[in-house]
Structures are given as structure tokens and as C-alpha cells.
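To start, the structure under review is shown below, and the notes come after it.
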Amino acid sequence: MHSKLDNLPVFMEAPGTKVLMQQGWGGITVAYWMMPATDSRPMLKGLPNDSCPAPHWGYMIKGSMQITYDDGTEETISAGDVFYMPAGHNAISEGEIAWIEFSPEKELQMVLDHLAKK
């Protein structure tokens, strides 16, 4: 399976935010996220440990995110970085960000269902 990035279905669109997402690729969801400055903590409140329970693999295209893991460790993922984020994290960015992400469908769906209720 393959797709041009721009051909992924629009999952969400709001001022300054666009998420393209395709599920059903061998249990993996591929997503392209474009967002303004953001703080995931309020959005993820209510999930286990108030953090994202899905691991992610990806590539940061634009900007940077400061990641805080449940164990207290922190790291910064910047444009040009490939990354793996284990389950149990939050992210903060101070400017516009864009990244491609690959995540297990089941764990990501828990996050998406939670966000839909916000």
C-alpha cells in the first residue's frame, strides 16, 4: 500500500490545524499533522496518566516539540529528526509544527475517541 501524502483523507481541519490520516495499513495508522503552537496536556487529561498511551514513529518536518515522558525524562524533537515516542508522553511546541507519524491503530484510536469528546 502507498499514497501520496496530499492524498491521505482529511481527518480534521480547523484554523491553523490540519490532520491527514489513513488507517488500515497492517494495524498501523499513518498521519500527517500540521498545527500551531500547542500543549497536549489539557487535551490528554483523563487518559491513563493524563498522557498519550500510543507509541509513535515518525519524522519532524517543521518546528520542534518538547516531549515529557511519564517517567519524567524529556527530549526535544526538531525538524529533520526521525523519532520514536514510547507510550506515556505529552508534547509542547512554541511555534508551528508539522510531522509524519506512524502509530498502532488500537492505541491511537483510544486517543482519537478521547479527543472527540473534548
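The values are calculated or read from the model by the stated rules, or taken from the named source; none is laboratory data. What you see is a predicted model, and the numbers here were worked out from it, not measured in a lab. Heads up, the Cβs are rebuilt from the backbone with ideal geometry, glycines too, and the neighbour counts pull from every protein chain shown.
Brief remarks follow.
- Met12 being surrounded by 13 or more Cβ atoms within 10 Å (Cβ to Cβ), touching a Lys or Arg at 6+ places or on another chain (Cβ under 9 Å) and of a type in the set (A, V, I, L, M, F, W, C): yes
- Every pair of residues 6+ apart whose Cβ atoms lie under 8 Å, when the first sits in the range 70-93 and is of a type in the set (D, E, K, R) and surrounded by 16 or more Cβ atoms within 10 Å (Cβ to Cβ) while the second is at pLDDT 95 or above and in a loop (DSSP other than H, G, I, E, B): Asp70/Ser51; Asp70/Gly88
- When residues in the range 37-54 are screened for being surrounded by fewer than 16 Cβ atoms within 10 Å (Cβ to Cβ) and touching a Gly at 6+ places or on another chain (Cβ under 7 Å), 2 of them pass.
- Among the residues of the range 73-118, the one identified as farther than 28 Å from Ser3 by Cα and hydrophobic (A, V, I, L, M, F, W, C) is Ile92.
- Hey, Glu74 among the charged types (D, E, K, R), out of contact with any His (no Cβ under 7 Å at 6 or more places or on another chain) and modelled with pLDDT of 95 or more or not: yes
- Qualifying residue in the range 94-114 (condition: part of a strand (DSSP E or B), in contact with a Ser or Thr (Cβ under 6 Å, 6 or more places away or on another chain) and surrounded by 16 or more Cβ atoms within 10 Å (Cβ to Cβ)): yes
- Candidate set from the range 38-89 (those that are of a type in the set (Lys, Arg) and assigned to a strand (DSSP E or B)); member that is farthest from Glu101 (Cα to Cα): Lys45
- Sub-6 Å Cβ pairs linking a first residue in the range 25-36 that is in a strand (DSSP E or B) and surrounded by 14 or more Cβ atoms within 10 Å (Cβ to Cβ) to a second residue that is among the small types (Gly, Ala, Ser) and modelled with pLDDT of 95 or more, at least 6 apart or interchain, are Thr29/Ser103; Met34/Ala98, ordered by first then second residue.
- Options Ser51, Ser103, Ser40, Ser3: the member that is hydroxyl-bearing (Ser, Thr, Tyr) and touching a helix residue (DSSP H, G or I) at 6+ places or on another chain (Cβ under 7 Å): Ser51
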